[in-house]
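The values are calculated or read from the model by the stated rules, or taken from the named source; none is laboratory data. Note that the structure is predicted; figures quoted are calculated from it, not measured. When we count neighbours, we look across all protein chains shown, and the Cβ atoms used for this are built from the backbone with ideal geometry, even at glycine.
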Amino acid sequence: MTKSCAKTQQDIAGKEVGMKRFQVLDSFRGLCALSVAIYHVHISQSFGEWAFFRNAHYLVSFFFVLSGFVMCHTYGRRLKANGQFRHFFITRTMRLYPLHVFVLALAIGLECVKLAAEHSGLTFNQGSFTGQRAPQEIIPNLLLLQSWWPGFNPQSFNFPAWSISVEYYIYMIFAGILLLSPASAFKIFAVMSLIATVMLFFGSAPLAEPVLQGLSCFFAGVMTYQIYLMIQEWRGSAWLYTVAEATAIILVTIAMVSDLPQKQIMLTLLFCAVILMFSFEGGLLSKALKARPFEQLGTLSYSIYMTHAMILFTATLSLLMVGKFTGQSWVTYTTEGPGPYLSFSNPILNNLLLVTLLVVIIALSALTHHFVELRGIRWGKRWARKGDLMPGAKPANTPV
């Protein structure tokens, strides 16, 4: 994979309109995606059982906040005409949808493998095409509606996609408000974030909790970007930035591992602070996060997030099937707790298994990024431009 391909998401925008690329925030996105992957694998006596990783599901809120920040940075002043909304709709859809459908197809295929294994006499904790992988959940997933309607299961098939379901339609709400009410848009965004946060606080609302989480965090990210615009010219010393960055990370870590009341809301505020602080990229931690390995993780973050569950499911299914033939119990399902737990009954081997799984996740994510994500982005750009060049249409100038 070339370096130019690796930066497609924000470099294209930067080259077209001279827009700043928040490289450090991209690196955070990659680290958070990998942390969520660790959260979803349970290996006894491994570093994946550390308190931080057992609470890494809260990092999905970081994704929402960061998306609001970046979407406002990229599109906040450009969505002023129907043609630009069309461009936004096509490019955002082709950014998210191809990989989503690809992984959904893999999930359905794995259920078919599981069904074939059942016909061969193997039994599993949950039967194929039942529960969250029932056939009736396929259409909601195809339409990215699984998190929006109470009758659908947000955790169905490729369960990390619940947040993509939320985020996709929030993108459209964001763009629609900017188009229809540009003068009042940011007041509306602030009110939406506040109302969603209040509903989360009281735990009772007409909307599902995943949707409220997305609305609260995404539009908090939008407002964080407004704060950034007001203070972006401020400059401090490198040591001051470093102290502030380190303090922000320490506070987030403490909050992640602590048993706090209203932890979700507290972390959302802290994530806003972290994103605002690191958007200046002025401290030593920012300098470290610009290193190539972190940059690559940021580039692969969407693929890591979307593919890791199927990779872990495949690994678990493989260990279970091999264990049944060899008489080994490497996979244990528990009535309490998340499960299933993987274990070779040896701490060294268990940690080695976790590292191996993470390496496989990163390697396969590099493939899906190159062959699915980037192709989807290119198709979206061509599709959007083709319509923009129709008779009477204005040439596109909105980045992907």
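Here are a few things to note about the model shown:
To keep it simple, each residue is scored yes or no on (1) modelled with pLDDT under 95; (2) under 28 Å from residue 163 (Cβ atoms).
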position: 215; (1), (2): no, yes
position: 221; (1), (2): no, yes
position: 225; (1), (2): no, yes
position: 228; (1), (2): no, yes
position: 232; (1), (2): yes, no
position: 249; (1), (2): no, yes
position: 279; (1), (2): no, yes
position: 284; (1), (2): no, no
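- Checked against the criterion of being part of a helix (DSSP H, G or I), without any contact (Cβ under 8 Å) to a residue 12 or more places away in the chain, touching a helix residue (DSSP H, G or I) at 6+ places or on another chain (Cβ under 8 Å) and not acidic (Asp, Glu), the candidates 266, 310 yield just one match: 266.
- Taken over segment 198-213, the criterion of being more than 15 Å from residue 166 (Cβ to Cβ) and either in contact with a Pro (Cβ under 7 Å, 6 or more places away or on another chain) or among the hydroxyl-bearing types (Ser, Thr, Tyr) (or both) is satisfied by 204 alone.
- Flag: residue 116 matches the condition of being out of contact with any Cys (no Cβ under 7 Å at 6 or more places or on another chain), free of Cβ contacts under 8 Å to residues at least 12 places away in the same chain, part of a helix (DSSP H, G or I) and among the small types (Gly, Ala, Ser).
A quick yes/no check of all residues on (1) modelled with pLDDT of 85 or more; (2) at negative phi; (3) surrounded by 14 or more Cβ atoms within 10 Å (Cβ to Cβ):
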position	(1), (2), (3)
320	no, yes, yes
325	no, yes, no
330	yes, yes, yes
333	no, yes, no
351	yes, yes, yes
360	yes, yes, yes
363	yes, yes, no
366	yes, yes, yes
372	yes, yes, yes
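- Hits in segment 184-215 (condition: under 25 Å from residue 155 (Cα atoms) and not in a helix (DSSP H, G or I)): 203, 204, 205, 206, 207, 208
- Tally of residues being of a type in the set (A, V, I, L, M, F, W, C) and under 18 Å from the mean Cα position of the chain (by Cα) across segment 54-90: 12
- Residue pairs whose Cβ atoms lie under 9 Å apart, separated by 6 or more positions or on different chains, with the first residue in segment 276-295 and of a type in the set (Phe, Trp, Tyr) and the second buried (at least 19 other Cβ atoms within 10 Å of the Cβ) and in a loop (DSSP other than H, G, I, E, B), are 278/22.
- Once segment 247-263 is narrowed to residues that are in contact (Cβ under 8 Å) with a residue 40 or more places away in the chain and not charged (D, E, K, R), the residue that is surrounded by the most Cβ atoms within 10 Å (Cβ to Cβ) is 256.
- Tally of residues being more than 20 Å from residue 159 (Cα to Cα) and either of a type in the set (Ser, Thr, Tyr) or not in a helix (DSSP H, G or I) (or both) across segment 50-101: 10
- Residues of segment 129-148 satisfying the condition of being outside any helix (DSSP H, G or I) and either in contact (Cβ under 8 Å) with a residue 40 or more places away in the chain or closer than 18 Å to residue 323 by Cβ (or both): 144, 147, 148
- Of all residues making up segment 232-283, the number that are within 30 Å of residue 49 (Cα to Cα) and acidic (Asp, Glu): 2
- For residue 244, the requirement of being free of Cβ contacts under 8 Å to residues at least 60 places away in the same chain and not in a loop (DSSP other than H, G, I, E, B) is met.
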